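A short write-up of the structure that comes next.
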Amino acid sequence: MRVGWDKMRLRYYLGFVRRRYVIALRWLLTYKINLVLFFATFFLDTILIIIFWKILFQNSSSLNGWTFQDAFGLVLFLYLFWTFINVFESGNRRSFREVISGKFDYFLVYPINVLVNMFFYKVTLTSILANLAILLVLLLYYILNFQYSIMNMLLAFIIAILGNVILILFMFILRCFVFWIKNDSFIANIELILNRFNRYPLNISNKVLQYIFIFLFPVMFMVTYPAEILRGNFNWSWILEELFMMVVLFIIAKVVWKKGLARYESGMG
């Protein structure tokens, strides 16, 4: 009986998420010119990143052991990261802003799990579709133009996906502090730091910075480690580090969420 109830609840949640994206898609297709411009901007940004790396490697055959193929792999996982974040993080970002305005009641009274509603709150498809399209183009180009191992490719994507889960937990914990300080401007600065450093192979930095980007700002898991695996460098300790971080962050997220929610002050008085 319990299994049947869980299946019904899962179908209900999946249907809820599907309806959110259907609504977002209808809105998006109403403004087709915006969609075209958004795609053009993302593709331009990608081309500029690749040109930047190409210029570097035209002047040097490698950069601290990295070749153009390695850097191309880095860009590949950068767009996997951006796709992943836009699927799960955009709604989360918007929903926590309602804590500041006192309108978080919407999530508490709506007849669906609070976290499911938050993660898919006012979803937008422009960033998701643009990043996903570029990711697929880059992946196709990589497969057709470079030598690679299928096993390494699978391992790299597994590491990258787990790394993105870690980042979502990390950002969720930070956003929960809005319940206490009623301000989320500091989170924008942290996102800027993450977006600035995940464009480059962080393993060429010194050990201090590497530890910072593993255990303080978990950026290494999302882009650098997967790109390293494509290069043929795999370390089982990376999986252990990821599993350790996931468990620790999940526990912290659960505690901070419950304590933060208990402090919420309703805008309805």
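Counted by Cβ distance under 13 Å from residue 69, the other residues give a net charge of 0, where Lys and Arg count +1 and Asp and Glu count -1. Put simply, when 54-67, 89-102 are sorted by average Cβ atoms within 10 angstrom per residue, most first, you get 89-102, 54-67.
Note on region 2-263: Cα-Cα pairs beyond 32 Å make up 29% of the total pair count.
In the chain, helical runs assigned H by DSSP with n ≥ 4 each contribute -39500 (n - 2.57); averaged across all residues and rounded to the nearest 500, the mean residue ellipticity at 222 nm is -25000 deg cm²/dmol.
Can you figure out the FRET efficiency of residue 140 with residue 14, using R₀ = 22 Å and their beta-carbon distance, to the nearest 0.05? Once the sixth-power term is evaluated, E becomes 0.15. The ranking of 29, 129 from fewest to most other beta carbons within 10 Å of each one's beta carbon is 29, 129. Going from the residue with the fewest nearby Cβ atoms within 10 Å to the one with the most, 132, 14 rank 14, 132. Length gained on full extension, residue 39 to residue 58: 4.0 nm, using 0.36 nm per residue less the C-alpha separation.
Pairs of Lys residues in the chain are counted when their Cα atoms are under 25 angstrom apart and they lie 8 or more places apart or on different chains; the count is 13.
Using the Cβ-Cβ distance between residue 21 and residue 207 with R0 set to 45 Å, the FRET efficiency from 1/(1 + (r/R0)^6) comes to roughly 0.55. Which of the three applies to region 33-93, rounded, prolate or oblate, going by the alpha-carbon gyration tensor with a ≥ b ≥ c and a/c under 1.5 meaning rounded? Oblate is the answer for region 33-93, as a/c is 1.5 or above yet b/c matches or exceeds a/b. For the chain, a crude dipole built from +1 on the beta carbon of Lys and Arg and -1 on the beta carbon of Asp and Glu, taken about the Cα centre, is about 940 debye to the nearest 20. The length gained on full extension between residue 47 and residue 189, counted as 0.36 nm times the residue separation minus their Cα-Cα distance, comes to 48.6 nm.
Positive end of the dipole of the chain (Cβ unit charges, origin at the Cα centre): among 48, 264, 183, the Cα lying farthest that way belongs to 264. By other beta-carbon atoms within 10 Å, ranking 251, 150 with the fewest at the front produces 150, 251. Compute the acute angle (0 to 90°) between the alpha-carbon long axis of helix 185-197 and the principal axis of greatest extent of the alpha-carbon atoms of the chain; round to the nearest 10°. For 185-197 against the chain, the angle is about 20 degrees. For region 32-132, a simple Cβ point-charge model (Lys and Arg +1, Asp and Glu -1, everything else neutral) yields a dipole of about 240 debye relative to the Cα centre. Helix 68-88 versus the longest principal axis of the chain: what is the Cα-based angle in degrees, 0 to 90, to the nearest 10? Helix 68-88 and the main axis of the chain meet at about 10 degrees.
Taking only C-alpha pairs under 8 Å that are 6+ residues apart, what is the relative contact order of the chain in percent? Reported relative contact order: 26 percent. For a Förster distance of 35 Å, can you work out the FRET efficiency between the beta-carbons of residue 148 and residue 124, rounded to the nearest 0.05? It comes to 0.60.
Values in this text are rule-based calculations from the coordinates and carry no lab data. Keep in mind it's a predicted model, so treat the numbers as computed, not measured. Heads up, the Cβs are rebuilt from the backbone with ideal geometry, glycines too, and the neighbour counts pull from every protein chain shown.
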